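The values are calculated or read from the model by the stated rules, or taken from the named source; none is laboratory data. Keep in mind that what you see is a predicted model, and the values were worked out from it rather than measured. Because the Cβ atoms are built from the backbone with ideal geometry, glycine has one as well, and the counts that use them run over all protein chains shown.
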Amino acid sequence: MAHDLRWPQAPAIYQIYPRSFADSNGDGIGDLPGITSRLEHVAGLGVDAIWLSSIYASPWQDGGYDVSDHRAVHPTLGTMDDFDALVDRAHDLGLRVILDQVLNHTSCEHPWFLAALAGDEAMAGRYLFRDARPDGTQPNNWISQFGPPAWTWAHQRSQFYFHQFLACQPSLDLRHPEVKAAHREQMRFWRARGVDGFRFDAASSYLWDEALTDNPVAPDEIRKKNTGEIFNPFTFQHHLHDMLPDDAATYATTLREWAGEDAWLMGEMTEGVRSYELAMEFSTPGRLDAAYTTDLPANCAGPVAIADLLRRADPARIVGWLSSHDQPRHGSGDFAQAAFLAALMAVLPGPWLIYQGEEWGLPQPGLAKDEVTDPFDLLYWPDGPGREGARVPMPWNADDPEFGFTAGRPWLPMRWNRADLLAAVSVSGLAATYRDLIHLRRKQGWASGRVLISDHGDDWLTLAMQTGCGCLNAWFAWPGATLKPPDASDAVFAHGQRGDYQVVLRHDDTKRT
Ligand code: GLC
Ligand code: CA
């Protein structure tokens, strides 16, 4: 079937975490046929695309981001035929498909790494293996992003290997010609199967200083900005040598060549110190289309955080988002707040990433330690980061014992509030607000708009924007704000009451242009 699925300038993208979306065969784990069966819901929201979190063969020690075969679908998720059917259905519904590219590392069960452990020197060269120092300690002081040392001993080789995340995720040498060739071919492989774009996992971590120079101690101001909780030893260092994001941004030109001109590409920035500046470097012409940082979710998109974004970056190239498979859900159970934040994300120029279930206002579920499988959560239990809660499966049906997710037993316990779910899907519930906002955003060209003026206090934000429909004035007032938004009677969109979360969006070409 012929489709005209050229990319809009700033797409609205719905993120699907495959294990937790919909289960078709009763094994309690979401899968590709399950996703296909629920795509109508996603298309009904009016979004432009879906991003599927890693679907690849993997021991699932890091939820699929430990890939053992980048060209194979995880057997628990389905088959290649299931994947083709998913892409066809998405395209029929007008949805473009984005896949993850986990280029930075492989699983320790990847055939390359297994061969390296077995003594294959050519394969070892695709990673970073180094001898111990004479006293048996690790080659340098680098620390992984999750906190433990970035070097793990491989007794099979009597050497350490480098990993920026878990020990089961050895980092690849992205400068190695055969690694590059494999990455290029795998991108072409997925493009040939109809994939329309890619999300580059951990893109700011690509490449390292080949001299293996020790990282210096982080001065206080750097330590506070480093990604991670302050109790994570990763924050103690200034990461000048274990990751070279400026070089990685240049590398993005190569990623563009491999993916093709017409692919839509976004990169994940987990570097906190120069997050927006790096996002800008990664998304200059000829590189990626956009990048995302953790600043907005870390600050729940407060007015100061938005002002910081507008000051430091071109918002057209920053992906706006609040929840993902890596962050506790931003839903607090308060629908007024959820609708307000959705309006804020919809109005901000640039792409918008919506995480599965946020259209129903799902809050972060509580889990007991013995229910959690995520090694990062368990490392600091119960103090964070809270990734597994965001991975609790989707509740499709408030009346069903397992919420319509599975006919079996869900892989994580589902204890959603049934009354809240019914409210969210009711005629004027939160899901309807998401649909309205996504529709308005597209129809009125907010996403490709330009911020002309912005002003803010601690609990309010105003924007004047040039959009496809003239000048849009936006007033956002957080609870108790001194700002009084204008009368909402001629608003394009309005929500909330004075003193609570209140937003008024109004076209007004005569004022504040
Ligand atoms: C990205 C993924 C995250 C994973 C990490 C290491 O941040 O989103 O889930 O743990 O990369 O691959
Ligand atoms: Ca299943």
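Looking only at the range 148-163, count how many residues are of a type in the set (G, A, S) and surrounded by fewer than 17 Cβ atoms within 10 Å (Cβ to Cβ).
The total comes to 1.
Give me a count of the residues in the range 27-38 that are aliphatic (A, V, I, L, M) and assigned to a loop (DSSP other than H, G, I, E, B).
Result for the range 27-38: 1.
I want to confirm something. Restricting to the range 85-126 and keeping residues that are among the basic types (K, R) and not in a loop (DSSP other than H, G, I, E, B), which single residue is farthest from the chain's Cα centre (by Cα)?
Only one residue tops the list, namely R89.
Of all residues in the range 1-26 being outside any helix (DSSP H, G or I) and small (G, A, S), which is modelled with the lowest pLDDT?
The selected residue is A2.
Please go through the range 351-370 and give me each residue that is surrounded by fewer than 23 Cβ atoms within 10 Å (Cβ to Cβ) and either farther than 16 Å from A431 by Cα or at pLDDT below 95 (or both), ordered by number.
Q364, P365, G366, L367, A368, K369, D370
Name every residue in the range 358-375 that is in a loop (DSSP other than H, G, I, E, B) and touching a strand residue (DSSP E or B) at 6+ places or on another chain (Cβ under 8 Å), in order of residue number.
Those that are in a loop (DSSP other than H, G, I, E, B) and touching a strand residue (DSSP E or B) at 6+ places or on another chain (Cβ under 8 Å): G361, L362, Q364.
Which pairs do you get when a residue that is of a type in the set (V, I, T), found in the range 483-508, comes within reach of a residue that is in a strand (DSSP E or B) and at pLDDT below 95, reach meaning Cβ atoms under 8 angstrom, with the pair 6+ apart or on two chains?
Here the result reads V492/H507, each pair linking the range 483-508 to a residue that is in a strand (DSSP E or B) and at pLDDT below 95.
Could you tell me how many of the residues in the range 120-147 are surrounded by fewer than 16 Cβ atoms within 10 Å (Cβ to Cβ) and within 16 Å of ligand 1 (Cβ to nearest atom)?
Number satisfying all stated conditions: 0.
Using the structure shown, decide if D81 is part of a helix (DSSP H, G or I), more than 25 Å from F146 (Cβ to Cβ) and without any contact (Cβ under 8 Å) to a residue 12 or more places away in the chain.
yes
Is it the case, given these coordinates, that H74 is away from ligand 2 (no atom under 16 Å from the Cβ), under 25 Å from the mean Cα position of the chain (by Cα) and more than 25 Å from D289 (Cα to Cα)?
no
Only one residue in R506, R512 is modelled with pLDDT of 95 or more, charged (D, E, K, R) and farther than 22 Å from S332 by Cβ. Which one?
Just a single option satisfies the conditions, and that option is R506.
If H41 satisfies all but one of (1) assigned to a helix (DSSP H, G or I); (2) within 19 Å of F200 (Cβ to Cβ), what's the number of the condition it fails?
Going through (1) assigned to a helix (DSSP H, G or I); (2) within 19 Å of F200 (Cβ to Cβ) one by one, H41 breaks only (2).
Yes or no, residue by residue, for (1) surrounded by fewer than 18 Cβ atoms within 10 Å (Cβ to Cβ); (2) under 26 Å from Q327 (Cβ atoms); (3) within 16 Å of ligand 1 (Cβ to nearest atom):
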residue: D220; (1), (2), (3): yes, yes, no
residue: K225; (1), (2), (3): yes, yes, no
residue: F236; (1), (2), (3): yes, yes, no
residue: H239; (1), (2), (3): no, yes, yes
residue: M243; (1), (2), (3): no, yes, yes
residue: T254; (1), (2), (3): yes, no, no
residue: M266; (1), (2), (3): no, yes, yes
residue: L278; (1), (2), (3): no, yes, yes
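Just checking, which of L212, L166 is buried (at least 19 other Cβ atoms within 10 Å of the Cβ) and either within 28 Å of G260 (Cβ to Cβ) or at pLDDT 95 or above (or both)?
Working: L212 fails: buried (at least 19 other Cβ atoms within 10 Å of the Cβ).
So the residue among L212, L166 that is buried (at least 19 other Cβ atoms within 10 Å of the Cβ) and either within 28 Å of G260 (Cβ to Cβ) or at pLDDT 95 or above (or both) is L166.
So, in the range 319-338, of the ones that are surrounded by fewer than 22 Cβ atoms within 10 Å (Cβ to Cβ) and not in a loop (DSSP other than H, G, I, E, B), which residue ends up farthest from ligand 1 (Cβ to nearest atom)?
In this case the residue turns out to be A336.
Given the criteria at pLDDT 95 or above and more than 16 Å from ligand 1 (Cβ to nearest atom), does P33 qualify?
Yes; evaluated as a whole, the condition is true for this residue.
Exactly one condition in (1) buried (at least 18 other Cβ atoms within 10 Å of the Cβ); (2) within 30 Å of A218 (Cα to Cα) is not met by A116; state its number.
Failing condition for A116: (2).
So which of A481, A488, A431 is out of contact with any strand residue (DSSP E or B) (no Cβ under 7 Å at 6 or more places or on another chain) and either surrounded by 14 or more Cβ atoms within 10 Å (Cβ to Cβ) or of a type in the set (G, A, S) (or both)?
Answer to the check: A431.
Give the range 78-112 a look and list any residue that's within 16 Å of ligand 2 (Cβ to nearest atom), over 18 Å from F198 (Cβ atoms) and in contact with a helix residue (DSSP H, G or I) (Cβ under 9 Å, 6 or more places away or on another chain), or say none.
Within the range 78-112, G78, T79, D82, A85 meet the criteria.
Pull out all pairs, ordered by first then second residue, where Cβ-Cβ is under 6 Å, the residues are six or more apart or on different chains, the first lies in the range 22-37 and is under 20 Å from L93 (Cα atoms), and the second is among the charged types (D, E, K, R) and more than 6 Å from ligand 2 (Cβ to nearest atom).
Note: pairs meeting the criteria are A22/R38; L32/D82; P33/D82; T36/R89.
Considering the range 10-29 alone, what residues qualify as being within 19 Å of the chain's Cα centre (by Cα) and either within 16 Å of ligand 2 (Cβ to nearest atom) or not small (G, A, S) (or both)?
Result: P11, I13, Y14, Q15, I16, Y17, P18, R19, S20, F21.
Are any residues in the range 289-318 without any contact (Cβ under 8 Å) to a residue 60 or more places away in the chain and of a type in the set (A, V, I, L, M), and if so, which ones?
Those that are without any contact (Cβ under 8 Å) to a residue 60 or more places away in the chain and of a type in the set (A, V, I, L, M): L296, A298, A301, A305, L309, A313, I318.
Assess whether A279 counts as being part of a helix (DSSP H, G or I) and within 19 Å of the chain's Cα centre (by Cα).
yes
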